[in-house]
Number of protein chains: 2
Amino acid sequence: MNKIISLDEISGALVCEAGCILETLDNYVKEQNLIMPLDLGAKGSCHIGGNVSTNAGGLRLLRYGNLHGSLMGVEAVKADGTVVDCIRTLKKDNTGYHLKHLFIGSEGTLGIVTKVAVHCPVLPKAVTLGFFGVKDFDSVLKLYKSAKASLGEILSAFEMADNDSISSTVQNLKLPNPIADFPFYVLVETHGSDETHDAEKLSRFLEREMSSGLIIDGTVTSEPAKMQDTDKDVEGHVITWFTAAVDMDGNKQGHPCWDTIWNLRESIAGAGLLDGYVYKYDVSIPAARYYDLVPVLRQRMAGKAVKVYGYGHVGDGNIHINVTVPEYSKEATDMLEPFIFEEVSKLKGSISAEHGVGFRKPHFIHYSKDEGAISLMRELKQLMDPNGILNPYKVLPDP
Amino acid sequence: MNKIISLDEISGALVCEAGCILETLDNYVKEQNLIMPLDLGAKGSCHIGGNVSTNAGGLRLLRYGNLHGSLMGVEAVKADGTVVDCIRTLKKDNTGYHLKHLFIGSEGTLGIVTKVAVHCPVLPKAVTLGFFGVKDFDSVLKLYKSAKASLGEILSAFEMADNDSISSTVQNLKLPNPIADFPFYVLVETHGSDETHDAEKLSRFLEREMSSGLIIDGTVTSEPAKMQDTDKDVEGHVITWFTAAVDMDGNKQGHPCWDTIWNLRESIAGAGLLDGYVYKYDVSIPAARYYDLVPVLRQRMAGKAVKVYGYGHVGDGNIHINVTVPEYSKEATDMLEPFIFEEVSKLKGSISAEHGVGFRKPHFIHYSKDEGAISLMRELKQLMDPNGILNPYKVLPDP
Ligand SMILES: Cc1cc2nc3c(=O)[nH]c(=O)nc-3n(C[C@H](O)[C@H](O)[C@H](O)COP(=O)(O)OP(=O)(O)OC[C@H]3O[C@@H](n4cnc5c(N)ncnc54)[C@H](O)[C@@H]3O)c2cc1C
Ligand SMILES: Cc1cc2nc3c(=O)[nH]c(=O)nc-3n(C[C@H](O)[C@H](O)[C@H](O)COP(=O)(O)OP(=O)(O)OC[C@H]3O[C@@H](n4cnc5c(N)ncnc54)[C@H](O)[C@@H]3O)c2cc1C
């Protein structure tokens, strides 16, 4: 189940078995100057079949799109043992229903994915990174709009973290913060085909937004991606080491600033554990209201929580909200749930942006999906797995 | 059914009713510096609901991806009248099955699309265009690989046409060809955020590939897209007028070369009609074998056809094969069908890349889909429309 079957170096179509490790595939296609269209912390251990089944989004969704867009084909086995062969390496195929999407994100409850065909984009020749301090969330949103306009096609990540996210990571994990203390931080990454052009675009963006006041301070690093010289942080995130970083005055700094920045961003997820227990919510919310829930929860949990903070992929509407408490308690849980899901529902958000429904959340699914949708889901499950043998108890609640 | 409901200028999420005309939407989002993620000749008349139901691909799929990637949500009515509300303006939502994809490309046979939410990318600030003469199909493929590497993120179209496609269009429609006579032609378009950078990338690509010999001759035009100053050709394709074009020696030419080039490319579809009757096949085939069928059909139809030619979106594997005959005959039809579908099937292609199955092709669907897939399609149809009241006779053949 972990065989690479073919790679079309012209179209970028990769066909492989479902058990291939994402990182193995990424290394394989890199030899043909291609890149896997998704990248995540779990890269070194997760399987492409698992990625498809959980509709993994990952760090560069903004640039390379989601799996519904980049999956060219799938082979799956239904509960009755029938093989559904939709392996094709075509970008356009309008013959009949587009079945492969049934297997994307259904967490193995509608069939077992056995093979996939994925479109791999071209490996970027240059990667640049900026880390900025910003005065409020409104500025984060304005900056996102401006980044889309001026970095357009090269923008590969636009991440934000509030002060508590960064300060608790800095304090708990003793990590350096390359810039001063700010209410909000923004990380901007670009993937492009020309180092000079990309650095010019990012610097221009930085200059303009410093004079507009949206960016208060920041640092930019730029170097052609040394995709071979990679290393991994504690969570398995691949770090590309940069030898030089340039501060706001154009001075080269002596430390691998690239690493510092991504490492800081990627470490937020784990840092809260040192406060005691962490309630983690992985939700998505339309842009304008993206940060609304954090102050609401701060107020609600005042005196109960050590910290409440929010960080995530602004570009995808996906915010990770962490509530740290000295220790787990039923009281804290009851104050948080279902309250947070109700609030997400009011904002027309999703209660599980990336991590799926699994065993834990089936009874919360109605906060994100209406009754018509849920009953169609039940009908699909009944159709494809009438005896409920595929991942029972996952995704859908008991009727 | 033609109301625009909302546009989130930050995330680019547009929500509207299914009856909105694509061009109306495009004009609307343009005011916020956004662009619809699809563009096609039928823009002025087709509806977004129709686009979703036929999974329209269009001219810039290479750049903005397909509708499975850019559709954020859908509201649909099932055959039993139940409304399935999957309208969300989120890029990431992993709660339950991803139902919206059932309605993409199912040609109205599983439900009626009533509302859609679509992600609109940023309007490009610059558009550049190149038109090149190439000696053989192998060079077309090599050029495509090279264009992906050097134009990467700005490449918005990579189209090819063989000599017969262009020469019959030039002859039949008396259109000018901006370059000399070549075995194959390649049209490269870029959409980017910086005119200087984009023109530099395209010129560098041109220079390198002229010295490598892949490009024999060509013309490049470059100017920031005057997206307001648009006009339309006979087929409704939107033409952006360029005031200057630069020939291979860097001389400005006096004619609107942009128009000449796209017009020529877009007119191929209609030009064959002047030869008598045209058999048109809209197939997709993996890159390496993309052009294989044209010489095969030329040989097979020798003495019967006026011309056999191929042109299309190399970037999407989608080739339009036209066979012109003096007049329709059953003999010619029988020589072509199912022969051509059998050949496409052997090449693991699709017998309908863009135009769907409709009434005419249900009994050919098995050339593109295996038995397991077709029976799952039947089961879905039975589930969602047990009385067969939605678009009967479309998509699936009688059992
Ligand atoms: C450190 C870390 C960072 C992460 N970061 C991100 C991120 O940034 N973005 C994001 O979207 N996700 C992220 N994730 C979640 C990640 O997407 C999933 O854990 C991963 O895609 C699942 O793949 P797996 O092979 O580990 O599957 P498993 O964990 O083994 O399985 C996951 C689910 O899919 C089912 N499944 C697995 N294989 C198949 C198959 N072949 N056919 C059918 N069903 C199958 C399983 O039954 C199970 O329900 C992260 C996870 C970790 C551990
Ligand atoms: C000049 C021209 C150029 C074209 N170029 C391209 C191209 O480059 N790429 C490409 O992919 N396609 C192309 N097409 C095809 C085009 O994609 C489709 O014609 C168009 O998307 C259909 O939209 P419509 O509103 O015209 O639908 P209609 O033609 O009215 O309907 C098409 C099908 O969809 C169903 N349908 C329509 N609306 C709904 C709804 N709301 N809910 C459910 N079902 C519905 C209908 O029943 C029918 O089966 C072109 C067509 C023309 C005429």
ask   = Can you give the relative contact order of the range B:4-119 as a percent, counting alpha carbon pairs under 8 Å and 6+ residues apart?
value = 32
ask   = Roughly to the nearest percent, how much of the accessible area of the protein assembly as shown is carbon and sulfur, given a 1.4 Å probe?
value = 53
request  = Have a look at A:ASP136, A:ASP316, A:ASP39 and tell me which one the Gaussian network model of chain A (Cα, springs below 10 Å) gives the largest fluctuation.
outcome  = A:ASP136
task = Would you calculate the separation in nanometres between label points at B:VAL296 and A:MET1, each defined as 7 Å from the Cα along the Cα-to-beta-carbon direction?
result = 3.6
request  = With 26 Å as the limit, write out which pairs from A:LYS3/A:LYS43; A:LYS369/B:LYS381; A:LYS330/A:LYS361; A:LYS30/B:LYS100; A:LYS92/B:LYS3 have Cα-Cα distances beyond it, or answer none.
outcome  = A:LYS30/B:LYS100; A:LYS92/B:LYS3
note = With only helices counted (DSSP H, runs n ≥ 4, each -39500 (n - 2.57)), the per-residue ellipticity at 222 nm for chain A, to the nearest 500, works out to -9000 deg cm²/dmol
task = Find how many whole Å separate the alpha carbon centroid of the range B:1-50 from the alpha carbon centroid of the range B:162-185.
result = 34
task = Report, in whole Å, the centroid distance computed from the Cα atoms of the range B:333-355 and the range A:320-399.
result = 44
request  = List, in order, the whole-Hz ³J(HN,Hα) value for each residue of the range B:293-309 obtained from phi through the Karplus relation with A = 6.51, B = -1.76, C = 1.60 and θ = phi - 60°; use x for Gly and Pro.
outcome  = 6, 5, x, 4, 6, 4, 5, 4, 9, 3, x, 9, 8, 6, 8, 10, 9
inquiry  = So with the 1.4 Å probe, I'd like the accessible area per residue for the protein assembly as shown, rounded to whole Å².
reply    = 36
query = What ³J(HN,Hα) values, in whole Hz, does the Karplus curve 6.51 cos²θ - 1.76 cosθ + 1.60 give for the range B:56-72 when θ = phi - 60°, with x put for Gly and Pro?
reply = 4, x, x, 7, 10, 4, 3, 8, 10, x, 9, 5, 4, x, 9, 6, 8
message = Between A:LYS174 and A:ASP138, what's the calculated FRET efficiency when r is the beta-carbon distance and R0 is 22 Å? Round to 0.05.
response = 0.10
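With a ≥ b ≥ c the root eigenvalues of the C-alpha gyration tensor of chain A, is it rounded (a/c under 1.5), prolate (a/b larger than b/c) or oblate? Spell out each step's value before the answer.
Values: a/c = 1.95, a/b = 1.19, b/c = 1.64.
Because a/c hits 1.5 or more and a/b fails to exceed b/c, chain A counts as oblate.
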ask   = Hey, what do the phi angles of the range A:318-329 turn into as Karplus ³J(HN,Hα) couplings, whole Hz, using 6.51/-1.76/1.60 and θ = phi - 60°, x for Gly and Pro?
value = 9, 10, 9, 10, 10, 10, 9, 10, x, 8, 4, 8
Among B:HIS47, B:HIS98, B:HIS68: highest mean-square fluctuation, GNM of chain B, C-alpha pairs under 10 Å = B:HIS98
inquiry  = Would any residue of the range A:348-386 have its amide N under 18 Å from a label point 7 Å out along Cα→Cβ of A:TYR277? List them or say none.
reply    = A:360-361
query = Using a 1.4 Å probe on protein heavy atoms, which residues of the range A:269-302 have at least 50 Å² less accessible area in the complex than alone?
reply = none
note = Once Lys and Arg are counted +1 and Asp and Glu -1 for all other residues with Cβ under 13 Å from that of B:ALA288, the total becomes 0
query = Largest first, how would B:MET36, A:MET335, A:MET210 line up by accessible area (1.4 Å probe)?
reply = A:MET210, A:MET335, B:MET36
message = So the label point goes 7 Å from the Cα of B:HIS363 along Cα→C-beta, right? Which residues of the range B:296-334 then have their backbone N under 15 Å from it?
response = B:333-334
inquiry  = Explain nothing, just the number: relative contact order of the range B:1-58, from Cα pairs under 8 Å at least 6 residues apart, as a whole percent.
reply    = 31
query = Relative contact order, percent, of chain B when contacts are C-alpha pairs under 8 Å separated by at least 6 residues?
reply = 16
task = On the full set of protein chains, 1.4 Å probe, figure out the accessible area of B:ASP80 and give it in Å² to the nearest 10.
result = 110
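Give me the summed buried accessible area for the A-B pair, 1.4 Å probe, to the nearest 100 Å².
The buried area between A and B, both sides summed, comes to about 7800 Å².
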ask   = In terms of the Cα gyration tensor, with a ≥ b ≥ c the square roots of its eigenvalues, is the protein assembly as shown rounded because a/c is under 1.5, prolate because a/b exceeds b/c, or oblate?
value = oblate
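The values are calculated or read from the model by the stated rules, or taken from the named source; none is laboratory data. Everything numeric here is computed off the predicted structure, so don't read it as measured data. Note that we place each Cβ from the backbone using ideal geometry, even for glycine, and neighbour counts take in every protein chain shown. Ligands, DNA and RNA are excluded from the accessible area calculation, which covers all protein heavy atoms including side chains. Shrake-Rupley method; radii C 1.70, N 1.55, O 1.52, S 1.80 Å.
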